[in-house]
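Student: Starting off with a structure, shown below.
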Amino acid sequence: MGELKNRYDVLVIGGGIAGMQASLDLGEQGYKVLLVEKDPSIGGIMVGLNKVFPTLDCSSCICTPRMAETAHHRNITIQSYTEIEKVEKKGRGFSVKLLEKPRYVVLEDCIGCSLCEYECPVDVPHEYDYDLGARRAIYIPHANAIPQVAVLDVEHCTFCGKCVKVCPTDCIDYTQEARHLDLEVGAVVVASGTTITPMGAKKEYGGDKLANVMNPLAMERVQSSNGPYGHILRPSDGKVPKSIAYVQCAGSRDKTLGISYCSRVCCMYALKQAILTKAYGDVDITIYHMDIRAFGKGFEQFYRRAMNDGINIVKAKVAKITEDEEKNPIVRIEMIDDDGRVEEVKHDLVILSQGLVPKWHPDGQLPAEEDTDGFFRIPDSKIHPTVSTTDGIFIAGVAAGPKDIPDAIIEAGSAAMEAAIYLESGKGAPVAV
Ligand SMILES: Cc1cc2nc3c(=O)[nH]c(=O)nc-3n(C[C@H](O)[C@H](O)[C@H](O)COP(=O)(O)OP(=O)(O)OC[C@H]3O[C@@H](n4cnc5c(N)ncnc54)[C@H](O)[C@@H]3O)c2cc1C
């Protein structure tokens, strides 16, 4: 993964698919890249997805080779579990302050054997599975994590010492502290990506309260063969759902949430999940929508396939979701094309098609402006779609606005090329030390 130095050509912020691609494109051109990821593993959202639309390829089968390539590249150093404290313009480059969070495990010594997690007596809801599964207080983030190194969650650890006793390399260190790192770079690529609208944002949908109203990323994990259940079950009682509903635009195109834009991927991921679940067998699936936006290559055909597969695509606005005494969600809909008829429909499980919102708002940590939606501002988006408001800072992936994986990869290539041109023009160089 490379030893940390104090000068790099480019700092890449975020180890999702866009950040990895930008790092690889720059690394291949001979630039020295430092890839900083705030989580314990790189991979971003993509590594946790089940399959990808419209081809239905296995997501982690595409993502994990990219993760390994990034980790083994001679010109790329990964600095995981690390926060950006400050990036400032200095001379022709940028000075960078980082905060490496303590894993309480010596990264270089851990061999990823998992003996510590087998021995740990504490079960904690697993964030990777959106709290539907469990992990231990000391754990490797997930089976495909890079680095394959344990991290200790001090909030839940009882410091019983069982992990320390069993560790074959003596790499667990309860006294480890956060480390401040100072370095210099010539240019910056921001690929800090996205998260979904909070589940409780739309109170009338009860996303944060109703047991069988789920978020779409959790559904990706439920559909995954290595997910929390290994089958499609509903969270409240483990029942196999026979009737599933998707509520579109549950967190975008909604001025009341301050999110007036379309998130571009929700129609497609709902269709994808519906097609995959339908293939399991006897299940009724309904997608409530204002309109289906299937605008990309092969997307319209994918939409038609969903209809041919028997998925009900219903043009209706969802006013409210409640639940009955068996925790079955009751969806109150207002038909859009049918004189505004109002109906209440009972389902076993509802998935809210949440929108994409920016994951990181720098708040003075980075000198690049945001636009009114909170994504990074691209002043000349038609001609230079990855150039930020600050010379030498380039934006890739969902950090610049909602998009799917292929578009995030294309943008990453563009940002890497813009950064290379910037460095070659002599405008950007790491500050002399
Ligand atoms: C439910 C769902 C299903 C989807 N299905 C598909 C699909 O089938 N096909 C498809 O093409 N697209 C799909 N998408 C969209 C896809 O997830 C995105 O296009 C893709 O993840 C964008 O990659 P990214 O690298 O820009 O961002 P992300 O995947 O969000 O990665 C950003 C990375 O940056 C890190 N980071 C953030 N802030 C910082 C910081 N300050 N410092 C350091 N690191 C930071 C994050 O931890 C993360 O690892 C889906 C999205 C959702 C929500």
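None of the figures in this text is laboratory data; all of them are computed from the coordinates on show. This one's a predicted model, so the numbers in the text were calculated from it and none came from an experiment. Note that we place each Cβ from the backbone using ideal geometry, even for glycine, and neighbour counts take in every protein chain shown.
Student: Have a look at the DSSP beta bridges in region 198-355 and tell me what percent are antiparallel, nearest 5.
Tutor: 45 percent
Student: Counting only GluC sites (Glu not before Pro) that sit in a DSSP loop (anything but H, G, I, E, B) with at most 15 other Cβ atoms within 10 Å, what is the longest stretch of the chain containing none of them?
Tutor: The reported range is 178-324.
Student: Also: Among the DSSP beta bridges whose two residues both lie in region 6-81, what percent are antiparallel, rounded to the nearest 5?
Tutor: The antiparallel fraction comes to roughly 20 percent.
Student: Now for a separate question. Using only the alpha-carbon atoms, how far is helix 299-308 inclined from the longest principal axis of the chain? Give it as 0 to 90 degrees, nearest 10.
Tutor: 30 degrees
Student: If you line up the long axis of helix 17-28 against the longest principal axis of the chain, both from Cα atoms, how many degrees apart are they, to the nearest 10?
Tutor: Tilt of helix 17-28: around 30 degrees.
Student: Please provide three numbers in whole Å: the alpha-carbon extents of region 310-433 along the principal axes, with the largest listed first.
Tutor: If we take the Cα atoms of region 310-433, the spans are 68, 28, 25 Å.
Student: Can I ask one more? Rounded to the nearest 500 deg cm²/dmol, what is the calculated helix-only ellipticity per residue at 222 nm for the chain, with -39500 (n - 2.57) per DSSP H run of length n ≥ 4?
Tutor: It lands at -6000 deg cm²/dmol.
Student: Over the chain, calculate the relative contact order: mean separation of alpha carbon pairs under 8 Å at least 6 apart, over the residue count, as a percent.
Tutor: Across the chain, relative contact order equals 19 percent.
Student: Another question about this same structure. Which order do Ile378, Ile78 fall in if you start with the one that has the fewest other Cβ atoms within 10 Å?
Tutor: With the sparsest Cβ surroundings first, the list reads Ile378, Ile78.
Student: Let me ask something additional. Listing Met335, Met268 from the residue with the fewest other Cβ atoms within 10 Å to the one with the most, what is the order?
Tutor: Met335, Met268
Student: Highest GNM mean-square fluctuation, the chain, Cα pairs closer than 10 Å: which of Pro385, Pro358, Pro65?
Tutor: Pro65
Student: Let me ask you something else. Of the candidates Gly298, Gly227, Gly14, which one comes out as most mobile in a Gaussian network treatment of the chain with C-alpha springs shorter than 10 Å?
Tutor: Of Gly298, Gly227, Gly14, the most mobile in the Gaussian network model is Gly298.
Student: Here is a follow-up. Along the Cα-to-Cβ line of Arg7, 7 Å from the Cα, sits a label point; which residues in region 85-105 have backbone N less than 13 Å from it?
Tutor: Answer for region 85-105: 92-94.
Student: Also, quick follow-up: Which percentage, to the nearest 5, of the DSSP beta bridges contained in the chain is antiparallel?
Tutor: The antiparallel proportion sits near 55 percent.
Student: Please list, by residue number, everything in region 31-67 whose backbone N is under 20 Å from a paramagnetic label point 7 Å out along Cα→Cβ of Gln301.
Tutor: Within reach of a label on Gln301: 51-59.
Student: In straight Cα distance, which lysines are under 27 Å from Lys203, not counting same-chain residues fewer than 8 positions off?
Tutor: Lys239, Lys242, Lys255, Lys272, Lys315, Lys317, Lys320, Lys327, Lys346, Lys359, Lys403
Student: Sticking with this structure for a sec: For region 26-183, what number of Lys pairs, 8 or more residues apart or on separate chains, have alpha-carbon atoms under 25 Å from each other?
Tutor: So the count of such lysine pairs works out to 17.
Student: Next up: Counting other beta carbons within 10 Å of each Cβ, put Phe375, Phe53, Phe299, Phe394 in order, fewest first.
Tutor: If I rank by nearby Cβ atoms, fewest first, I get Phe299, Phe375, Phe53, Phe394.
Student: Next question. Roughly how many Å is it from the Cα centre of region 186-248 to that of region 16-51, as a whole number?
Tutor: So the separation of the two Cα centres works out to 24 Å.
Student: Just report the Cα centroid separation between region 249-308 and region 376-428, whole Å.
Tutor: 28 Å
Student: Shifting gears a bit: With a cut-off of at most 15 other beta carbons within 10 Å, and DSSP calling the residue loop, which trypsin sites (Lys or Arg not before Pro) in region 242-275 qualify? Please list them.
Tutor: Lys242
Student: Oh, and also: May I ask for the angle, rounded to the nearest 10°, between helix 266-278 and the longest principal axis of the chain, with both axes built from Cα atoms and the value confined to 0 to 90°?
Tutor: The angle comes out near 60 degrees.
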